[in-house]
Amino acid sequence: MAETIVRIVPEKNEGERLDKWISAQEDIPLTRTVLQNRMESGQVTVNGKQVAKNYRQHGGDVIEITMPDPEPLELVPENIPLDIVYEDDDLLVVNKSKGMVVHPAPGHTTGTLVHALLYHCGDHLSGINGVIRPGIVHRIDRDTSGLLMIAKNDIAHQKLSKQIQEHTFTREYQAVAMGRFLQPEGTVCAPIGRHPTDRKKMCVIEKNSKQAITHYWIIQMYKMASHLRLRLETGRTHQIRVHMAYIGHPILGDAVYGKAFPGIEGQCLHAAKIGFIHPTTGLYMEFESALPEYFKKVLRKIQN
């Protein structure tokens with residue numbers, strides 16, 4: 001039977017967005033995105049009435065949040081080896097290989113990271129993102145290699161998601177981009193949204209978009225390409241790939257936003273570092289992943 005959580009908005013929180021206020025409650029493990037979806041479906045009400053997802057609350061508002069029973073998980077765990085960098089009772093950090101899909105999607109119903117996590121963790125994965133994405137706090141593309149953080153419970157998931165929303169979560173990448181840069185470092189600040197004609201792609205666009213910021217530093221420039229270090233300030237879909245293509249330096253091997261590269265399947269992009277505040281201990285933790293062999297091979301190739 002579904003549980004209903006009731007909250008009364010304090011006077012001091014008058015005028016705040018309801019989704020933001022609820023997501024800050026530690027005993028309500030729901031992200032703002034999930035809350036907005038539930039507000040639109042009537043699972044979150046104010047004084048007995050459905051409200052818009054951008055509703056600003058009033059002191060004394062009675063908030064009712066319906067927490068439905070978890071759906072039975074139908075995915076079959078698969079014994080796929082995982083490169084685990086760190087693990088405890090709240091989370092684990094894994095080093096994903098290039099070519100592995102993070103969660104099930106059309107055309108990728110088996111062999112994903114989620115299938116491997118279900119085998120390794122059993123039912124010790126957060127359920128905030130639903131049955132298809134248990135434990136998944138953030139994602140990287142199939143052909144991007146590197147570090148991913150996985151939440152084992154809903155409280156950890158909520159706290160880690162909040163760090164991403166507040167841009168306090170460290171995410172650094174290394175990439176090989178086409179061409180030579182005029183400056184040794186730079187920042188791309190351009191909004192990203194869905195492509196108006198190709199719904200599978202993202203693009204820099206003003207309408208129906210969200211602000212996106214990417215910082216980059218040149219590690220080494222070669223004749224036809226450059227080795228970069230990049231840091232995400234925001235985390236939009238395909239952000240680095242879109243931003244680099246936007247400034248005329250698409251990621252090497254990215255056939256979607258640039259051109260394919262002989263001998264490499266997909267973009268040369270590696271999630272090299274992540275850092276976050278542990279949801280239970282409150283301590284800052286940081287992990288790094290060495291460049292994988294495919295990336296080193298590309299560097300050797302462009303050096304020659």
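Mind checking which residues of the stretch 22-52 are closer than 24 Å to Asn153 by Cβ, open to solvent by 80 Å² or more (accessible area, probe 1.4 Å) and not in a helix (DSSP H, G or I)? Residues satisfying the conditions are Glu26, Asp27. Of all the criteria given as (1) open to solvent by 80 Å² or more (accessible area, probe 1.4 Å); (2) modelled with pLDDT of 85 or more; (3) closer than 20 Å to Arg133 by Cβ; (4) not charged (D, E, K, R), the one not satisfied by Leu73 is (2). For the residues Ile140, Ile150, Ile63, the requirement of being within 30 Å of Arg241 (Cβ to Cβ) and in contact with a helix residue (DSSP H, G or I) (Cβ under 9 Å, 6 or more places away or on another chain) singles out Ile150. With respect to (1) at pLDDT 90 or above; (2) closer than 25 Å to Gly275 by Cβ; (3) not hydrophobic (A, V, I, L, M, F, W, C), the lone exception for Asp61 is condition (2). For the stretch 151-173, taking the residues that are open to solvent by 30 Å² or more (accessible area, probe 1.4 Å) and not in a loop (DSSP other than H, G, I, E, B), the one that is nearest to Trp217 (Cα to Cα) is identified as Ile164. In summary, Asp19 fulfils each of the numbered conditions (1) within 21 Å of the chain's Cα centre (by Cα); (2) in a loop (DSSP other than H, G, I, E, B); (3) modelled with pLDDT of 85 or more with the single exception of condition (2). Taken over the stretch 93-114, residues that are at negative phi, surrounded by fewer than 21 Cβ atoms within 10 Å (Cβ to Cβ) and out of contact with any helix residue (DSSP H, G or I) (no Cβ under 8 Å at 6 or more places or on another chain) amount to 8.
Do you know which residues across the stretch 119-150 are open to solvent by 50 Å² or more (accessible area, probe 1.4 Å) and β-branched (Val, Ile, Thr)?
The answer is Ile132, and nothing else.
Please work out if Val9 is open to solvent by 30 Å² or more (accessible area, probe 1.4 Å), among the β-branched types (Val, Ile, Thr), farther than 24 Å from Asp123 by Cα and at pLDDT 90 or above. It would help to see each step written out before you state the result.
Details: open to solvent by 30 Å² or more (accessible area, probe 1.4 Å): no; among the β-branched types (Val, Ile, Thr): yes; farther than 24 Å from Asp123 by Cα: yes; at pLDDT 90 or above: yes.
When the stated conditions are applied, Val9 does not pass them.
The values are calculated or read from the model by the stated rules, or taken from the named source; none is laboratory data. Keep in mind the model is a prediction, meaning the values are calculated, not measured. Here Cβ is always computed from backbone atoms with ideal geometry, including for glycine, and neighbour counts include all displayed protein chains. Areas reflect the complete protein model, heavy atoms only, side chains present, ligands, DNA and RNA absent. Shrake-Rupley method; radii C 1.70, N 1.55, O 1.52, S 1.80 Å.
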